[in-house]
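Peer 1: Quick one: the structure is below, and I'll ask about it shortly.
Please treat every number below as a calculation from the coordinates, not as lab data. As the structure is a prediction and not an experimental result, all values here were calculated from the model. Heads up, the Cβs are rebuilt from the backbone with ideal geometry, glycines too, and the neighbour counts pull from every protein chain shown.
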Amino acid sequence: MINIRQTCPCASGKTYANCCRKLHQDKTIAQTAEQLMRSRYSAYSFKLIDYLVKTTHPDKRTANLHQEISDWADQVEFYRLEIISTRQGLATDKIGKVEFIAHFRLQNKEQQLYEISRFKRHRKDWVYLDGEIGK
Ligand SMILES: [Zn+2]
């Protein structure tokens, strides 16, 4: 069960109810690429697979995507998100990049994923295009 009064996993400092939940429940759309990125991180930590599929660019939605995300989300426990930098991705942009480190546990080992994700507008919504994994 998700406690909506808990601090949002995306590290915004807000409660989940006042943060990513609004996006997860389709009550609002992400204004910026970073906001979408954060909501996807929270979706991973809550295993909201449909949301992750929905916020992937249609060109990248492969037949196995749902299963792949689900398998990955089941294995890992995300516990901290660090946004390093963002480029474009603002309300008036069409593309954006977010550089981040996601901290997670996999088989009880602490690990990090360093990624520069690319986001793009699809119609008016921000969606995830792809990511460059580094370091
Ligand atoms: Zn959030």
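Peer 1: So who's got an amide H within less than 5 Å of the one on W126, skipping anything under 5 residues away but keeping other chains? H placed 1.01 Å off N, in plane.
Peer 2: Under 5 Å from the amide H of W126: A30.
Peer 1: On to the next question. Suppose only helical runs count, i.e. DSSP H with n ≥ 4. What mean residue ellipticity at 222 nm does that imply for the chain under -39500 (n - 2.57) per run, divided by all residues and rounded to the nearest 500 deg cm²/dmol?
Peer 2: The helix-only estimate for the chain comes to -7500 deg cm²/dmol at 222 nm.
Peer 1: Work out from phi, with θ = phi - 60° and the Karplus expression 6.51 cos²θ - 1.76 cosθ + 1.60, the ³J(HN,Hα) of each residue of the stretch 23-34, listed in order in whole Hz, and give x for Gly and Pro.
Peer 2: For the stretch 23-34, the Karplus-derived couplings read 6, 4, 9, 6, 7, 8, 10, 5, 7, 10, 4, 5 Hz, x marking Gly and Pro.
Peer 1: To continue, here is another question. Viscosity 1.002 mPa s, temperature 20 °C: what is the translational diffusion coefficient of the chain from Stokes-Einstein with a Kirkwood Rh over Cα pairs, rounded to a whole number of µm²/s?
Peer 2: Taking Rh from Cα pairs, D becomes 143 µm²/s.
Peer 1: Starting from the Cα-Cα distance between I83 and E110, subtract it from 0.36 nm times their residue separation and give me the gain in nm to one decimal.
Peer 2: Taking 0.36 nm per residue and subtracting the Cα distance, the gain is 7.9 nm.
Peer 1: Name the long-range amide H neighbours of R80: under 5 Å, sequence gap of 5 or more, or other chain; modelled H, no Pro or chain starts.
Peer 2: H103
Peer 1: Bins of 10 Å, beginning at zero and ending with the bin holding the largest distance: percent of Cα pairs per bin for the stretch 41-88, please.
Peer 2: 24, 45, 29, 1
Peer 1: Let me ask something else. Go through the stretch 82-97 residue by residue and turn each phi into a ³J(HN,Hα) via Karplus (6.51, -1.76, 1.60, θ = phi - 60°); whole Hz please, and just put x for glycine and proline.
Peer 2: Listing the rounded values in order: 10, 8, 8, 7, 10, 10, 6, x, 8, 3, 9, 8, 10, 10, x, 10 Hz.
Peer 1: Sticking with the crude label model, points 7 Å out along Cα→Cβ, report the distance from D59 to H103 in nm, one decimal please.
Peer 2: Those two pseudo-labels are separated by 3.5 nm.
Peer 1: Report, for the chain, the % of DSSP beta bridges that are antiparallel, rounded to 5.
Peer 2: Numbers: 32 of 33 bridges.
In the chain, DSSP labels about 95 percent of beta bridges as antiparallel.
Peer 1: List the lysines whose Cα sits under 27 Å from the Cα of K22, skipping any in the same chain fewer than 8 residues away.
Peer 2: K14, K47, K54, K60, K94, K97, K120, K124
Peer 1: Further, regarding this structure: Identify which of K120, K60, K94 has the largest mean-square fluctuation in a Gaussian network model of the chain, with springs joining Cα atoms closer than 10 Å.
Peer 2: Highest fluctuation of the listed residues: K60.
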